[in-house]
Amino acid sequence: MDMITGQAYRIKQNKVIANQCEMLYEYRRTEEEVDRKSFQGEIAVAELHKKIKEAFEVFDHEVNNTVDVREIGTIVRSLGCCPREGELHDLIAEVEEEEPTGYVRFEKFLPVMTNVLLERRYRPIPEDILLRAFEVLDPLKRGFLSKEELIKYMTEEGEPFSQEEMEEMLSAAIDPESNTIHYKDYVTMMVIDEN
């Protein structure tokens with residue numbers, strides 16, 4: 001091999017080595033980025049688990065990692081989710097035991113609720129949409145509905161409210177002095193801050 005061919009060969013070999021080093025560096029950098037994102041994801045999931053556990057424990061009166069199945073809706077809503085009644089029944093069916101006992105174990109609830117939160121299911125309705133819904137019920141644009149109007153809409157239109165849900169909403173929504181709901185104020189109070 002003559003000197004020029006040898007130098008050209010070494011230059012070419014150095015370029016190949018440099019290319020391989022660059023590829024290895026990129027691979028390691030990508031791997032570190034994936035590890036970092038994975039670690040951040042694990043932290044986020046750990047924080048979700050903590051929130052879920054805290055919400056669950058509020059209703060675990062026996063301190064045995066179980067809650068009454070009737071409390072699941074309240075727990076789910078306290079975590080910022082707003083499932084419809086049918087969706088809540090589906091969720092309960094998913095976390096209940098094969099043979100329903102009336103109680104839900106934390107071990108069954110945790111993975112299901114973690115997925116619900118990670119997938120951002122059952123998100124609350126945005127404030128502007130809620131306000132428009134109330135405005136549709138107020139064709140005179142008074143800015144309020146009477147208690148009687150509200151009860152009528154809650155029991156005769158759409159998915160009917162249970163008696164308990166209706167009483168809960170009325171106690172929070174109705175102004176006791178005027179016996180009306182000033183829906184702009186109520187909507188502001190209802191909106192959940194997702195941060």
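The values are calculated or read from the model by the stated rules, or taken from the named source; none is laboratory data. Keep in mind that what you see is a predicted model, and the values were worked out from it rather than measured. Note that each Cβ is placed from the backbone with ideal geometry, even for glycine, and that neighbours are counted across all protein chains shown. Ligands, DNA and RNA are excluded from the accessible area calculation, which covers all protein heavy atoms including side chains. Shrake-Rupley method; radii C 1.70, N 1.55, O 1.52, S 1.80 Å.
Miscellaneous remarks
- For the listed residue pairs Lys147/Lys184; Lys51/Lys108; Lys53/Lys184; Lys51/Lys184, the alpha carbons are over 25 angstrom apart in Lys53/Lys184; Lys51/Lys184.
- Counting only protein heavy atoms and a 1.4 Å probe, the stretch 71-195 has 63 square angstrom of accessible area per residue.
- Inter-label distance for Arg132 and Lys50, nm, one decimal - labels placed 7 Å from Cα along Cα-to-Cβ: 3.8 nm
- Amide H to amide H distances under 5 Å link Thr180 with Asp175, where only residues 5 or more positions off or on other chains count and H is placed in the peptide plane.
- Once the C-beta distance of Arg142 and Glu167 is scaled by a Förster radius of 35 Å, the resulting FRET efficiency is 0.90 to the nearest 0.05.
- Shape category assigned to the stretch 93-195 from the gyration tensor of Cα positions, a/c cut at 1.5: prolate
- Accessible-area composition of the stretch 121-189, carbon plus sulfur, in percent [1.4 Å probe]: 56 percent
- Inter-part distance, the stretch 60-104 to the stretch 144-195, computed on C-alpha centroids, equals 24 Å.
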